[in-house]
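Structure first, commentary second.
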Amino acid sequence: MKFYKTKAKKIPGTSFSEVNKGAQRIFKNIKRQSKRNPYVKSVYFRKEKVFFNIFWSHLYEKQNLNDKTRRLKYFACAVELIQKTTHEPEQRKPLEDKNVVLYRFAGATNNNELFFVQIKEDLKTKKKYFISVFPE
């Protein structure tokens, strides 16, 4: 599987509050660029919008604070990967919902740490949502 090498660094910090501040700062810049729902445009999806609605609720559902912190550290890398990758992702169609396709992109930080980004596409509305980011 090919992966995209990002120039962005992992968000520094050891506690959730430190890492969350860094991620919220990045997200604030993204929110500033749109009037309604925050999004970034993806080269892989031919400059279509990828929305962030599901990501934050999915992250805050996690009970383990260490898991939240571990995932959020890769937020800056994930945003760059979504915007710039042209590599083919893994595609899956869940059995329970036939109107959804899940894409899993592989990426590496500037320190060669592997991580994955999941994007969900609703086939009815053709909207794409950034769901999750996690290290290998």
Item to check | Scope the range 50-69; condition over 12 Å from the mean Cα position of the chain (by Cα) and either among the aliphatic types (A, V, I, L, M) or surrounded by fewer than 17 Cβ atoms within 10 Å (Cβ to Cβ) (or both); matching residues | outcome: 57, 60, 61, 62, 63, 64, 65, 66, 67
Item to check | residue 97, sole failed condition from (1) acidic (Asp, Glu); (2) closer than 18 Å to residue 129 by Cβ; (3) part of a helix (DSSP H, G or I) | outcome: (3)
Next on the checklist: Cβ contacts < 7 Å: first residue more than 19 Å from residue 38 (Cα to Cα), restricted to the range 80-93; second residue at pLDDT 90 or above and loosely packed, with under 15 Cβ neighbours inside 10 Å, any location; separation 6+ or different chain. Result?
Outcome noted: 85/43; 86/43
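Looking at the range 76-90, which of the residues that are of a type outside the set (A, V, I, L, M) and more than 17 Å from residue 46 (Cα to Cα) is farthest from the chain's Cα centre (by Cα)? First the steps, then the outcome.
Applying the first criterion (of a type outside the set (A, V, I, L, M)) to the range 76-90 yields 77, 80, 83-90.
Right, trim to more than 17 Å from residue 46 (Cα to Cα) and you get 77, 90.
On the way: 77: 8, 90: 15 Å.
For the range 76-90, the residue satisfying everything is 90.
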Item to check | Any hit, the range 90-111, residues being surrounded by 12 or more Cβ atoms within 10 Å (Cβ to Cβ), touching a Lys or Arg at 6+ places or on another chain (Cβ under 7 Å), more than 16 Å from residue 72 (Cα to Cα) and charged (D, E, K, R) | outcome: yes
Checklist entry - Name the helices (runs of 4 or more DSSP H) wholly within the range 1-80 that hold at least 3 residues that are closer than 15 Å to residue 130 by Cβ? => result 16-32, 53-61
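Can you pull out the residues in the range 101-121 that are of a type in the set (Asp, Glu) and either at pLDDT 95 or above or not in a loop (DSSP other than H, G, I, E, B) (or both)?
The first filter runs over the range 101-121 and keeps only residues of a type in the set (Asp, Glu), leaving 113, 121.
Across the range 101-121, the qualifying residue is only 121.
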Checklist outcome for this item: Residues in the range 104-131 that are aromatic (Phe, Trp, Tyr) and free of Cβ contacts under 8 Å to residues at least 60 places away in the same chain total 2
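The values are calculated or read from the model by the stated rules, or taken from the named source; none is laboratory data. As the structure is a prediction and not an experimental result, all values here were calculated from the model. All Cβ positions, even for glycine, are placed from backbone atoms using ideal geometry, and neighbour counts span all protein chains on display.
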